[in-house]
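First comes the structure, then the notes that go with it.
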Amino acid sequence: MAKTNTNPEMRFAGFTEEWEEKGFERVFSNISNNSLSREKLNYITGLAKNVHYGDILVKFNDVLDVKKVSLPYISDNATVEKLKKSILKDGDIIISDAAEDEIVGKCVELYNVNEEIILAGLHTIAVRPEEKFARKFLGYYMNSNSYHDQLLKLIQGTKVLSISKTAIKNTFIRHPQSIYEQKLIGNFFENLDQLITEQQQKHSKLKSLKKAMLNKMFPKQGQLVPEIRFKGFEGEWVEKEFRRIFNYERPDNYIVLSNEYSNKFKTPVLTANKAFILGYTFETRTFNETCIIFDDFTLDSKFVDFPFMVKSSALKILTIQNINTDYIRFAFFNLVNKKIEIMGHARHYISVVQKTKVLVPTITEQILIGNYFKNLDELIQNHEVQIAKLQNIKKAFLAKMFI
């Protein structure tokens, strides 16, 4: 049933006209798609490019600027010839008609198509507006909850959810009467997306830098000195087994499984990735920066400044003298990432970790290396926070600026 309110909660100054509401069929005409799998696409050459539903779900923003993304080509030219009447143009909407969750129905509005030959691919519904809309308005509107909530009632399936062309005809499109207001809305969200993209690019560059520096600031296999070093340090690093570096401490009756003991045993024991509390332990000493918790399942060692332990053979590990905890954390991270395929499932066992060898420089050089990667991690985390904030801002405005 259509909504009764005809004005959004938030509008640009000077606009007071009620928004229009029209049935999907009145606004759009259908465009044929193809059912080509990934195996029939390539990123090298072809007569036409293809928009796959999987890319709509995970890669593309609400507006797909064809000039700024890499779209795969259709490998079979004969297939392109058959679909000549289905070539897409600016303003067309491509909707993903299948997904594993309620993101089904996510769509993109095409932009900057120009002379490119673009076709709608597997598991998509392609439509063309039959009336004039400001560029980018429909892309943002149809991905807002204001429109997408209509689809939730029409979705079918259990493990894989889908929306049909027939069902989607039962939805409504709501929009300002003024093309200029539509334009302002589209530009507003485009600017937000640009800010998000810039933060994501900075975040990706920092992650790539970290990966590269982990490779260069720790010695490669078979070598005893790294490729890149802080000024003033020389000489070979010393190889040590982890059991020579750490003292492992694991109390008897490590975990109390029942929550009824939560008042008596104060330290919660979490599952991998902190998903939920498994139980409680009698260990009450607060962990500090001299402690590292190794989470066997995620292969991620982490500092904690509040009391908890992690499930499995993850132990409280107390470092001995002349070992910097920041350094050893990144050294272990680098080591595991390089040996993950060799170690296989055995990496979950503390006995394997104990026998693993790591190269160690002087404590002064350790501190510099540890601080470098710790600061890099903080920068990466800061960008993640900014990305999350901007995404939340966008979500809030999508809720307030559409009906």
Worksheet item: Mind checking which residues of the range 155-189 are in contact (Cβ under 8 Å) with a residue 40 or more places away in the chain, within 22 Å of SER32 (Cα to Cα) and not in a helix (DSSP H, G or I)?
Response: ILE155, LEU161, SER162, ILE163, SER164, LYS169, ASN170, THR171, PHE172, ILE173
Item to complete: Taking ALA212 as meeting all but one of (1) touching a residue at least 24 places away in the same chain (Cβ under 8 Å); (2) assigned to a helix (DSSP H, G or I); (3) hydrophobic (A, V, I, L, M, F, W, C), write down the number of the exception.
Response: (1)
Worksheet item: Restricting the search to the range 103-142, which residues are over 23 Å from VAL80 (Cα atoms) and β-branched (Val, Ile, Thr)?
Response: ILE103, VAL104
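Could you check the range 1-19 and list, in sequence order, the residues that are basic (Lys, Arg) and either modelled with pLDDT under 95 or closer than 22 Å to LEU152 by Cβ (or both)?
Across the range 1-19, the qualifying residue is only LYS3.
Take the conditions more than 22 Å from GLN156 (Cβ to Cβ) and modelled with pLDDT of 95 or more and apply them to LYS132. Does it pass? Steps first, answer last, please.
Details: more than 22 Å from GLN156 (Cβ to Cβ): yes; modelled with pLDDT of 95 or more: yes.
Considered against the rule, which asks whether it is more than 22 Å from GLN156 (Cβ to Cβ) and modelled with pLDDT of 95 or more, LYS132 comes out as yes.
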Worksheet item: Can you name every residue in the range 1-34 that is within 26 Å of LYS395 (Cβ to Cβ) and not in a loop (DSSP other than H, G, I, E, B)?
Response: GLU20, GLU21, LYS22, PHE24, VAL27, PHE28
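The values are calculated or read from the model by the stated rules, or taken from the named source; none is laboratory data. Please read these numbers as outputs of a predicted model, since none were measured by experiment. Neighbour counts are summed over all protein chains in view; Cβ atoms, including those assigned to glycine, are modelled from backbone coordinates with ideal geometry.
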